[in-house]
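A short write-up of the structure that comes next.
Nothing in this text is a laboratory measurement; each read-out follows from the coordinates by a stated rule. These numbers come from a predicted model, not from an experiment. Neighbour counts are summed over all protein chains in view; Cβ atoms, including those assigned to glycine, are modelled from backbone coordinates with ideal geometry.
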Amino acid sequence: MAKEEAKAISLKALVDKENNRVIFAETDEDFTDVLSSFLTMPMGTIIRLLSNNNQPPPVGIGCMNNLYESIKNLDMLRFRNEACKTMLLWPKNGAAPQNKRLKLQIDDSKLQRYFLCNRDCTLNTHKLLSLYPNAVCECGGLMDRTIELSENDNIQKSVSDARDRGVFVQGLTQFLISDELQVKPSSVEASLSVLSKLGYMDFSTIEEHNIDIGVDEVLTLLKCSLVSKKPLTKTLLKQISAPKFGEEDFDQNIYVEYKLQEPESNVAENIHGKLDFDQNMYVESKIEESESNVDGRIHVKLIISKSKNMVCYAEASEKFVDLVCSFLTIPLGYIIKEMQSSISKGSFTHLYDSVQELDAEKYFKSNDHKDMLISPKLAPDFSYGKHPLGLEEASHPTYSYGEYRSSNYPYPTQFRLTSDGKILSYWESSILIIKDPKSHFKEATRGGFVTGPKMFTLFDNLIITPVSQISSLSLLKKLKLPLSDIEVRVVHVGSEEASRLLMASFVSESALTNTFLRELNPGF
């Protein structure tokens, strides 16, 4: 995406010149759509955008940055195929068709490419379409024949009604957006309410500013919204070249005192063993029994410091690593929704709650458009079988492939791929099935991202590495832990634990400890 091609969005801001802060901004559907679209973005996209545009978060987004970097550094052989690693580092957006219409495009994802089998089976037998290179067709042929998507001739080239201009919200609608990203329909009552809550008695320190924002400002706003309670002020006033943050801007410590409980029999087992340095291994008699599945849940071995009440690291199979890796594909709005407003993180809770409260019939293009923001889905093909969170995927469009062989020599055969399920009647055509990019050749079930059976080491901050007992023991030595302080515990991870881990990875730098050894403070 070339920045020179991007258009600026104009908005008005009411500014307290004495305290150098934005009270609220007034804008139409263009800026409101861009702001709302943040909720549809997968976490991997957010991490990549902020890093690629010299917008590193001033503090880590929980453990997400570590997770992203460790996946980038994992050898390709650790993944089921090349597409799996690409899907984690460049996750697709479930609302991509809508986001393509935003006035400002900040997502630098590459244009979608399409691949057909290089053998003559697309119309006759397997009828597969791949959205990633190097896939293998069910016939055994390589799907490396590229084809362009044809535009639908029936798409209207112009908008007949100005109210249709919006992407998520209706056109010709004005909104007030407060400094902490509360979105309200523009009205006298709403503006006076904001001023009253902030304690303004008159207008002596208030002035109006007209501000144009472009791609750089939107990226800055995305970063500030993740960590600051004043993202509009930090973005729009540009007191300094790059936003700086103080402790008052952050809300990171959402967990309270350590709580290490004796596990219940149906939740976890204590494995008491000794560390044999001559063999560099744990001597444990019950591990194999504990590794068996219970109620379909995932099993993870935690190495715990009892005195520090912390998880030093974990050893887990590809099932747990698949779960953790999938966090990068989950939309931001889904994470905020799972938090149920009990945890404050930057300003996105305010954005989410205010979007949820807006009347869909009055302010959104449809109920479906509102749902894309408050209940965002994974992009198609990004879930996998038995995912503990049971994430819902968006649907693929209906792709059709057609060939037209002209009887007039020397005119060549014409090929066409469309996404509306329609092909001209005199073409030989078929509806295509999307090849699951994570699945191996003729695999019956939808697999995850990493290959197995393999064991991985996950550190408390969600850095993932191939398992190595020597490296693990070196960590324990670095932590200066006596052998008597080490406890090995096997925990079972179901949907509840997976949800807690997702939240902890977003707001905490000690995701494993905060998931399995601490309790959330419900009153925070």
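Points worth noting:
- The overall shape of segment 414-480, judged from the alpha-carbon gyration tensor, is prolate: a/c is not under 1.5, and a/b is greater than b/c.
- Stretching Val188 away from Ser51 to a fully extended chain increases their span by 45.3 nm, per 0.36 nm per residue minus the current alpha-carbon distance.
- Projecting the Cα atoms of Leu49, Asn81, Cys63 onto the charge dipole of segment 11-154 (Cβ charges, centred on the Cα centre) puts Asn81 farthest toward the positive pole.
- Nearest-20 debye value, segment 305-420 charge dipole, Cβ charges on Lys, Arg, Asp, Glu: 300
- Whether segment 445-524 is rounded, prolate or oblate, judged on the alpha carbon gyration tensor where a/c under 1.5 counts as rounded: oblate
- Residue-normalised convex hull volume from the C-alpha trace of segment 63-120: 140 Å³ per residue.
- Computed lengthening from Glu357 to Asp75, 0.36 nm per intervening residue step minus Cα-Cα distance: 97.0 nm
- Gyration tensor (alpha-carbon) shape descriptor, segment 318-384, a/c threshold 1.5: oblate
- Estimated from the Cβ-Cβ distance and a Förster radius of 41 angstrom, the FRET efficiency linking Lys478 and Glu392 is about 0.45.
- Translational diffusion coefficient (Stokes-Einstein; Kirkwood radius from C-alpha pairs) of segment 363-512 at 10 °C, 1.306 mPa s, in µm²/s: 75
- Sorted by Cβ neighbour density within 10 Å, fewest at the top, the residues Thr27, Thr418: Thr418, Thr27
- For Lys100, Lys230, the sequence from fewest to most other C-beta atoms within 10 Å is Lys100, Lys230.
- Between the C-alpha center of segment 60-86 and that of segment 355-418 there is a gap of 26 Å.
- Percent of C-alpha pairs per 10 Å bin in segment 1-150, short distances first: 9, 26, 30, 20, 9, 4, 1, 0.
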